[in-house]
Amino acid sequence: MSYIPPHKRQSKDPDRPSPIPESLPREFRRNLDTSSSKSNQGRSFKIVYAGRAVTLWFAVGLDDNNQFPSSVHLEPVPMEFIERKFGGKPLALANRNPVESAQVGGSCMRKPWESIAENVLPNLLSSFENLRNEVVCQKLESVKPTLVARFGKILFHGSPSISQETTTMDLAGETTLRKLKRSFYTSVPNSFAENIMGEVGRKIEVDFEEEKDLYHVKLSDATQPDSTLSCKCSVMKEHKKLQLYKVELNPVRHMVVDTSCLDKSLDLRLMLYTKGILTALTDEEMESIRNLINSAVLDPDVKGGLRWPLGFASSGNRFSVVGVWHTIAKAYKSPSRRLKVRHADRFDFRTSTGEASREISLKVKNIVSLLQEETVEISSVSDMLKDTLRLIWDLML
């Protein structure tokens, strides 16, 4: 079957000081599917969803009856940064015996990457349709879609009525799980990062591209309360000052698929998003932004690596600093994918929380290129998605 894009169709670290200014298969999808349209209402200022964005969560590694194995349970995870942000210890799925779980289903079961692809494919196609419609309607020629795989841990956040003790995944446990809020924690163990780095040349088949040391200054804009501006800056070492070279809008998410991988120590997120570069800023607006950037003081002893003198973290009634990231990233690329291994030190001014993390992401360029063609064979997209997910699965701990 051929897939034709819509526009071609004929019909319609807690000890460090803060930089505050001085002063799955269908049978179990019905149980775990939370796919729905999302709006920006109620979302964090950092995260923006498209009007018809799709979100989905499911698990792979279930037994023959598509139920959680008895070895799988929920357990509290001590994370001070997350606890302060969400107001309680997060919970994560844990498997006491992943090897046993992998054998429960027998050899007749589909491979995990095939199950993931089956769940992702229809959502990816529909999300890409919606994205293309928005681009055509709004004439957003400069907007480029990106499909990225991220590694981390799916965390569940309860209410005071939810017990923080270990919770077995029986029928009542599943009901509880579906009611909990979720987040995706992108910090990975050093052992995983080292494993990925060791496999870069052999399995991932990408070559080293570059290493970047950047500061990302996050600004709120009073005229666009739902958006956050991200100012990418490098350091002029001779002057020990920041140099602004790009201003972007925060990414807009069109699809987010989270997969709990019961036989692995990490989980997987596949996300389709767009990000636009601001080119229509006036000279006066750019001058205000540059003044904020120039006021920053490099300070390795504060979270995020930057601080502002009292009264200099805002520019009039228009722009204000709401966060800062210091990232050191190594990028590897091939014609079909781009791998990034990044150390990120973040601080959020609005919540006064910060954390340093090690993150790994894999941009899947070949699938996006295929979806952008005038006529697309769905089977080709499916095969490419399965191949990519099999590679990812083999790399995961």
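Annotations for the structure displayed:
- Ranked by how many other Cβ atoms sit within 10 Å of their own Cβ, fewest first, the residues 236, 271 fall in the order 236, 271.
- Cα-Cα over 24 Å, subset of 218/264; 241/333; 181/232; 111/264: 218/264; 241/333; 181/232
- Using the Cβ-Cβ distance between residue 182 and residue 280 with R0 = 45 Å, the FRET efficiency computed as 1/(1 + (r/R0)^6) comes to roughly 0.80.
- Counting other Cβ atoms within 10 Å as a rough exposure proxy, the listed residues 351, 186 run 351, 186 from fewest neighbours to most.
- Electrostatic bookkeeping for residue 264 treats Lys and Arg as +1 and Asp and Glu as -1; over the other residues with beta carbon under 11 Å from its beta carbon, the sum is -2.
- Projecting label points 7 angstrom from Cα along Cα→Cβ for residue 238 and residue 94 puts them 5.5 nm apart.
- When peptides 118-124, 246-252, 295-301 are sorted by average Cβ neighbour count within 10 Å, with the highest value leading, the order is 118-124, 246-252, 295-301.
- Environment charge at residue 208 (Cβ cut-off 9 Å; Lys +1, Arg +1, Asp -1, Glu -1): -2
- Averaging the Cα positions of each part gives two centres, and for the range 216-263 and the range 318-387 these lie 12 Å apart.
Every number here is computed from the coordinates shown, using simple stated rules; none is lab data. Every value quoted in this text rests on a predicted model; they were computed, and no experiment measured them. Methodologically, a virtual Cβ is constructed for each residue, glycine included, from the backbone with ideal geometry; neighbour enumeration extends over all protein chains shown.
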